[in-house]
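The values are calculated or read from the model by the stated rules, or taken from the named source; none is laboratory data. The structure presented is a predicted model; accordingly, all values stated were derived computationally and were not measured. Methodologically, a virtual Cβ is constructed for each residue, glycine included, from the backbone with ideal geometry; neighbour enumeration extends over all protein chains shown. Accessible surface areas use protein heavy atoms only, side chains included; no ligands, DNA or RNA. Shrake-Rupley method; radii C 1.70, N 1.55, O 1.52, S 1.80 Å.
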Amino acid sequence: MAAAGIAVRPVERGDFDRWLPLWDGYNAFYGRSGPTALPREVTDVTWARFSAADEPVYALVAEADGELVGFTHFLLHRSTTAIAPSCYLQDLFTAPAARGRGAGRALISAVADRARTAGAARLYWHTHETNRTARRLYDEVAELTGFVVYSHPLG
């Protein structure tokens with residue numbers, strides 16, 4: 001599914017140079033830039049996973065007028081509460097200049113289609129509570145479950 005003028009498709013190896021500025025923008029939004037930037041190795045391994053046959057990590061991009069304007073990364077995983085896999089939408093980003101044109105909604109819809117095709121029982125994601133722009137969209141397309149996410153550092 002795509003919004004007017006926006007096409008969603010799987011990322012291709014040749015997209016790296018157009019995907020990278022979006023990835024950098026996404027990471028900067030979450031405070032991962034400059035001295036807190038992800039190591040380049042994380043970016044390189046993440047990118048390689050998208051095309052590795054043995055990885056359950058996938059990427060879609062939104063394209064408009066020949067430019068990449070957004071992406072989503074998602075993964076399929078097992079669950080202890082269902083036999084069918086779950087789909088976790090880990091990353092979603094739309095270039096600031098393209099916001100409000102339907103790219104985010106189209107990307108979520110495309111992930112939902114792929115999750116259904118894979119036999120997933122559910123699609124879920126989380127965002128920061130202060131991300132009001134994204135939450136307006138999420139409130140329209142999904143249910144806020146009320147679960148709170150905790151993170152325990154291991155290193």
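At-a-glance table
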{"quantity": "Inter-probe distance in nm under a simple model that places probes 7 Å from Cα toward Cβ, at V148 and R122", "calculated": "1.9"}
{"quantity": "Size of electric dipole in segment 1-43: Cβ of Lys, Arg +1 and of Asp, Glu -1, about Cα centre, debye, nearest 20", "calculated": "60"}
{"quantity": "R40-E140 pseudo-label distance in nm [points 7 Å out on the Cα-to-Cβ vector]", "calculated": "4.0"}
{"quantity": "The chain - percent relative contact order, Cα under 8 Å, separation 6 or more", "calculated": "22"}
{"quantity": "Label-point separation in nm, D65 to A52, each point 7 Å along Cα→Cβ", "calculated": "3.7"}
{"quantity": "Extension gain (nm, one decimal) between T130 and L20, 0.36 nm per residue minus Cα-Cα", "calculated": "37.1 nm"}
{"quantity": "Selected from T81, F50, G5, residue furthest toward positive end of dipole (the chain; charges at beta carbon)", "calculated": "T81"}
{"quantity": "Heavy-atom accessible area order for Y88, Y30, largest first, 1.4 Å probe", "calculated": "Y30, Y88"}
{"quantity": "Protein accessible area in the chain, 1.4 Å probe - carbon and sulfur %", "calculated": "54"}
{"quantity": "Mean accessible surface per residue for segment 34-111, computed with a 1.4 Å probe while every protein chain stays in place, in Å²", "calculated": "51"}
{"quantity": "Dimensionless Rg/Rh of the chain - Kirkwood Rh, Rg from C-alpha atoms", "calculated": "0.94"}
{"quantity": "For the chain, calculated [θ]222 nm from helices alone, where every DSSP H run of n ≥ 4 adds -39500 (n - 2.57)", "calculated": "-10500 deg cm²/dmol"}
